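Presented below is the structure to which this report refers.
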Amino acid sequence: MTPVPPIIRVVDSHTEGEPTRVIVDGWPAPAGATMEERREDLRRNADHLRRAVVCEPRGHAAIVGALLTPPVNADSHSGVIFFNNGTYLGMCGHGLIGVVRTLAYLGRLTPGVVRFDTPVGTVSAELNADGSVTIENVAARCHALDVRVEVPGLGVVTGDVGYGGNWFFVTHVSLPLTMANVPELMRTTQAIQDAIDDQGVAGGAPIDHIELSGPAMRADADARNFVLCSGGEYDRSPCGTGTSAAMAILHARGKLALGDEWQQESITGSRFTGWLTEGPGGELIPHIRGTAFVTGEATLRFDPADPFQLGIGSP
Ligand code: PYC
C-alpha cells in the first residue's frame, strides 16, 4: 500500500463550472510502464489517497482529481490519470482543460500543442490566446443506436451508446433539463444506470455515464445536457468525453458532418464548442474548446491522529 504522505499540494480550477483538482506535489509516483498499469497501481495500492484528496472533508463529490506522472511517450509533456469520488476515469475533457490552465498558471506549460498520455491513449491540448483551451481527444465512436433498457419506475428507455474516452448511454427524457430539476434528474439517471448495470445492454459495453440530451436554452447552443458521472455525481460542465460520444452518435445519425461545430450547453448553462475530424485510419477525432479558471491552491495535510485522515466513510 502506498504510504500516506504528510502533505500533498494541489491547484484547484473549474472548467465551465466543473471542478478539477490537479495534484502538483507530494503524491508518490504510481508504478507501471504504461498509463493503464499506473492506473491499476493506483486502484490497487493508492485508493486511500484518491478518497483522501477528492472526498470530504478536504473535497466534495463533484471534484475530479488529476494526477500528473512522467510521460510514457517521448514527445508527451506528462501522463495524467483522472479520478473522482468513486473511481478512475479513462479520459476527462473538462479535467484536461483544467490541467492545461493549471500548468500555464504554474509556468510549467510549453507553448503550442502539448501531448498528454492517459490510460485510454494520448491526447493533445493547446492554450489559445483568449485563454480558452482546445483539446484533441482519443477517437470517439457510436457503439449502438436505439438500445432499449427496462428501467423500474420509468418503463422502457431507448438511447444510444457511444464512447468518447468514457462510455455513455445518451437518451432523452420529458423532464426539462433545468437546475431546479437536478434532484429528479439525478434519480432518473441513476435508475437508468442501475438498470444498465443489471441488464448488461449493448453487448455488455462498460457504460458508466448517463447523458440526457434536450433542447438548448441558450440562443448560441445546439443542445443542452445533463450527465451523471461514474461516481454518482453530475457534471457541471457539458462533459468533454460526453460531448465527444454525443458527436459520434450525431455523426452516425447523419446529423453532424465532419468539421461542423457543435455547441453543447451544460445543465449549468456553460458551453463547450466541439467538432469532429477524421483520423488517419478513418476514425472520428473529437475536438473540444472550453475555458477553465484557477480557483485556489492548497496544501492538504494528513495528520495520523485525524480520524478522518483518509476521508469520511473510508474503510
Ligand atoms: O469532461 O469528460 C469530461 C468529464 C467526465 C467526467 C466529468 N467530466
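List of remarks:
- Restricting the stretch 138-154 to residues that are closer than 30 Å to Met35 by Cα and part of a strand (DSSP E or B), the residue that is farthest from the ligand (Cβ to nearest atom): Ala144
- Looking across the stretch 235-249, the residues that are buried (at least 24 other Cβ atoms within 10 Å of the Cβ) and either more than 7 Å from the ligand (Cβ to nearest atom) or not in a loop (DSSP other than H, G, I, E, B) (or both) come down to Pro238, Gly240, Thr241, Gly242, Thr243, Ser244, Ala245, Ala246, Met247, Ala248, Ile249.
- Residue in the stretch 30-49 that is open to solvent by 40 Å² or more (accessible area, probe 1.4 Å), within 24 Å of Val294 (Cα to Cα) and in contact (Cβ under 8 Å) with a residue 12 or more places away in the chain present: no
- Candidates Leu258, Leu276, filtered to the one that is open to solvent by less than 50 Å² (accessible area, probe 1.4 Å), more than 11 Å from the ligand (Cβ to nearest atom) and not polar (S, T, N, Q): Leu276
- Yes/no for Glu184 being out of contact with any Ser or Thr (no Cβ under 7 Å at 6 or more places or on another chain) and assigned to a helix (DSSP H, G or I): yes
- All helices (runs of 4 or more DSSP H) inside the stretch 8-119 with 1 or more residues being within 12 Å of the ligand (Cβ to nearest atom) and of a type in the set (Gly, Ala, Ser): 93-105
- Just one of (1) away from the ligand (no atom under 12 Å from the Cβ); (2) in a strand (DSSP E or B); (3) over 30 Å from Asp25 (Cβ atoms) fails for Leu300. It is (3).
- Residues of the stretch 155-181 satisfying the condition of being of a type in the set (Ser, Thr, Tyr) and either assigned to a loop (DSSP other than H, G, I, E, B) or surrounded by fewer than 17 Cβ atoms within 10 Å (Cβ to Cβ) (or both): Thr158, Ser174, Thr178
- Sub-7 Å Cβ pairs linking a first residue in the stretch 213-231 that is in contact (Cβ under 8 Å) with a residue 12 or more places away in the chain to a second residue that is among the charged types (D, E, K, R) and open to solvent by 40 Å² or more (accessible area, probe 1.4 Å), at least 6 apart or interchain, are Ala216/Asp222; Arg218/Arg271; Ala221/Arg271; Ser230/Asp208, ordered by first then second residue.
- From the list Arg218, Arg271, Arg253, the lone residue that is basic (Lys, Arg) and buried (at least 18 other Cβ atoms within 10 Å of the Cβ) is Arg271.
- Among residues of the stretch 195-212 being part of a helix (DSSP H, G or I) and in contact (Cβ under 8 Å) with a residue 40 or more places away in the chain, the one that is surrounded by the fewest Cβ atoms within 10 Å (Cβ to Cβ) is Gly203.
- When Gly269, Gly231, Gly281, Gly313 are checked against the criterion of being in a loop (DSSP other than H, G, I, E, B) and more than 29 Å from Arg21 (Cα to Cα), Gly281 stands alone in meeting it.
- Test: residue in the stretch 307-314 that is open to solvent by less than 30 Å² (accessible area, probe 1.4 Å) and of a type in the set (A, V, I, L, M): no
The values are calculated or read from the model by the stated rules, or taken from the named source; none is laboratory data. What you see is a predicted model, and the numbers here were worked out from it, not measured in a lab. Using ideal geometry, Cβ is built from the backbone for each residue, glycine included, and neighbour counts are taken over all protein chains shown. For accessibility, only protein heavy atoms count, side chains too; no ligands or nucleic acids. Shrake-Rupley method; radii C 1.70, N 1.55, O 1.52, S 1.80 Å.
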